[in-house]
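The values are calculated or read from the model by the stated rules, or taken from the named source; none is laboratory data. Keep in mind that what you see is a predicted model, and the values were worked out from it rather than measured. Cβ placement follows ideal geometry from the backbone for every residue including glycine, while neighbour counts extend to all protein chains displayed.
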């Protein structure tokens, strides 16, 4: 079970998040004070942390900096009422992995947390419905059946599955395929997508024309 | 002011001291020259026969000598060379001054034969040689009085002339002249400074009044300052202040309106939340409870959306000039906005399509604001277009502009309502979908900040709505 630490001083929001995330299948520990959070982090390990900025004891940004100085790679999602670019930059500079404004709905929070944990590679495999992608063995399983995917197709599918439910822009997929240099106006990506569709099923992989592609969380 | 007065007084004292010292030196030189001329004139006046042997002494009254000397100015014309660059002696003015002071009457004259005979002397002069030295010399007599002598030997007359002048008398004269020159200034300067101070004070009075007027103000008194009574020099300041006051008043009005709007607009979703919550707690039927829960969630989402939109608008509202503009690739912005919003369109079975013209020019703008503008437009399209509808986002070159076009095949906005939808909290009449009524107001503000505007038109296939924004390059 994935372990989460929530650091939030608003009791109503903290309790709500704890209930919602527990319901979503996480094992949740919730603390109110920044210093308590630091102590808890010393004693036990987590898969991810949801962190507020304004906290009693020790504020979120300082806690995060201390954590990164300590060489911790724990995925951290900042959840805060502040939403200016400056706040975001400050958080990312301190070492945050993701940033959400407090009014974001719980479903997106859950999706982002899952993506964070997937990307952190702590699980070694990515699961979307009955589709499983094993990062260590570079293999893809559909309902337990091993699929025959090429290296490039695996790269594309991995990015898509790590952000399942979100639309991944073409540019990000091309970056995963070709590195930072742009592939130009080639249709290499389309070819890989076409092949992937044939292997995992049309309904799982949707196109948003001109934008990108998405792996659907619950295909019809 | 005090410092200025002290500095000017000090400056004046230094200048006066230096000038006086200089004047005293020159006056002394002048009197010396005069002494020498008097001696020569005296010799010519007596004009003794060099061969004659005289045993009696001619005694002349000083007044007589003076009269003879001054009465015949020609005899005072320069004799021999003088080391002065000018020849002040002999001028009519000096003459008059000298006479008035009875200068000559204080002098002692002696005319000696080299053999030791005293040929002539002024009455009151001693009958002994007043000085042994030739040329200028000083001595103190038995009474302690200091004398200035001039003595010379004349070979033609075989005579020696000695003229002596009491130093005290010369000092008195010099002091008199120096004091005469400095006293008017010494008396005039303080008066001048006083007048200067008064006039500056008087000149600055309107500024002081203005300062007092501003200091008296309450923080919310934003009436304009009077321009008419302001001195010309201060007018630019007052005008600039008035400009600031006007902007402040505008901002304050905006704030007041925002707070007012916010409170009113938030009441509705909060009231809805209250009602749904009551329903959830009291309804027994699980299906009805489920529906109420759903509506509760919608109301909360609406309140959240409203707060976010109001915050966005409030941040855009103040009269900030050009926000941070950078080179922006509209293609990149459109891609990330559409990627963020596409899941919502997919959920409603809508087709969201983005087409960015290849090689589209980048434009100058604020990326965060442009992103917010497009998010609002696409979000509106997704929101108001029914399930299964179509939404198209286009970015293309349009002459010297980049044109952004968001079109849908939803219900659209009736032509007569199109000009009003940009007002805050305006809701289209035939609209049942909940909205904040702020989205387009935000878009318009962002467009204004980018020196452009939103144009509403017909959407896809002759129905729905299209919003076009042209950014000049």
Out of the helices (runs of 4 or more DSSP H) lying entirely within segment B:1-109, which hold 1 or more residues that are at pLDDT 75 or above and more than 27 Å from residue B:183 (Cβ to Cβ)? B:2-46
Residues that are assigned to a helix (DSSP H, G or I), within 14 Å of chain B (Cβ to nearest Cβ) and buried (at least 17 other Cβ atoms within 10 Å of the Cβ): does segment A:138-154 have at least one? no
Name the residue that is farthest from the other protein chains (Cβ to nearest Cβ), counting only residues in segment B:330-371 that are under 23 Å from residue B:441 (Cβ atoms) and assigned to a strand (DSSP E or B). B:363
Looking at segment B:457-473, which of the residues that are part of a loop (DSSP other than H, G, I, E, B) and touching a residue at least 60 places away in the same chain (Cβ under 8 Å) is surrounded by the most Cβ atoms within 10 Å (Cβ to Cβ)? B:464
Within segment B:286-298, can one find any residue that is within 12 Å of chain A (Cβ to nearest Cβ), assigned to a helix (DSSP H, G or I) and at pLDDT 85 or above? yes
Which pairs turn up if I take residues in segment A:129-141 that are farther than 17 Å from residue A:203 by Cα and look for partners that are at pLDDT below 85 and assigned to a loop (DSSP other than H, G, I, E, B) with beta carbon separation below 8 Å, at least 6 apart in sequence or on another chain? A:134/A:124; A:135/A:121; A:135/A:124; A:136/A:124
Scanning segment A:188-218 for residues that are crowded, with 20+ Cβ neighbours inside 10 Å and more than 23 Å from residue B:332 (Cα to Cα), which turns out nearest to the other protein chains (Cβ to nearest Cβ)? A:204
All but one of (1) within 14 Å of chain B (Cβ to nearest Cβ); (2) surrounded by fewer than 18 Cβ atoms within 10 Å (Cβ to Cβ); (3) part of a helix (DSSP H, G or I) hold for residue A:174; state the number of the condition that does not hold. (2)
Subset of segment A:72-105, residues over 26 Å from residue A:24 (Cα atoms), modelled with pLDDT under 90 and more than 12 Å from chain B (Cβ to nearest Cβ), comes to A:87
Looking at A:113, A:17, A:100, can you tell me which residue is closer than 24 Å to residue A:164 by Cα, free of Cβ contacts under 8 Å to residues at least 24 places away in the same chain and not assigned by TED's automatic domain parsing to the domain that holds residue A:164? A:100
Determine which member of the set B:411, B:367 is surrounded by fewer than 22 Cβ atoms within 10 Å (Cβ to Cβ) and under 49 Å from the mean Cα position of the chain (by Cα). B:367
Restricting to segment A:20-43, and then to whatever is closer than 20 Å to residue A:118 by Cα and without any contact (Cβ under 8 Å) to a residue 24 or more places away in the chain, can you tell me which residue is surrounded by the most Cβ atoms within 10 Å (Cβ to Cβ)? A:22
More than 8 Å from chain A (Cβ to nearest Cβ), farther than 15 Å from residue B:469 by Cβ and modelled with pLDDT of 90 or more, is that true of residue B:374? no
Quick check on residue B:306: is it more than 9 Å from chain A (Cβ to nearest Cβ), within 22 Å of residue A:102 (Cβ to Cβ) and at pLDDT below 90? yes
Taking residue A:147 as the residue in question, decide whether it is touching a helix residue (DSSP H, G or I) at 6+ places or on another chain (Cβ under 7 Å), at pLDDT 85 or above, outside the structural domain of residue A:112 (by TED's automatic domain parsing) and farther than 25 Å from residue A:107 by Cβ. yes
Please state which one of B:295, B:281, B:305, B:289 is without any contact (Cβ under 8 Å) to a residue 60 or more places away in the chain, out of contact with any helix residue (DSSP H, G or I) (no Cβ under 8 Å at 6 or more places or on another chain) and not assigned by TED's automatic domain parsing to the domain that holds residue B:373. B:281
Regarding segment B:386-393, can at least one residue be identified that is without any contact (Cβ under 8 Å) to a residue 24 or more places away in the chain and either more than 56 Å from the chain's Cα centre (by Cα) or more than 28 Å from residue B:451 (Cβ to Cβ) (or both)? no
Count - residues of segment A:20-42 that are more than 20 Å from residue A:80 (Cβ to Cβ) and either outside the structural domain of residue A:53 (by TED's automatic domain parsing) or assigned to a loop (DSSP other than H, G, I, E, B) (or both): 2
Answer residue from segment A:117-126, given it is surrounded by fewer than 20 Cβ atoms within 10 Å (Cβ to Cβ) and touching a helix residue (DSSP H, G or I) at 6+ places or on another chain (Cβ under 8 Å) and is farthest from residue A:215 (Cα to Cα) among those: A:123
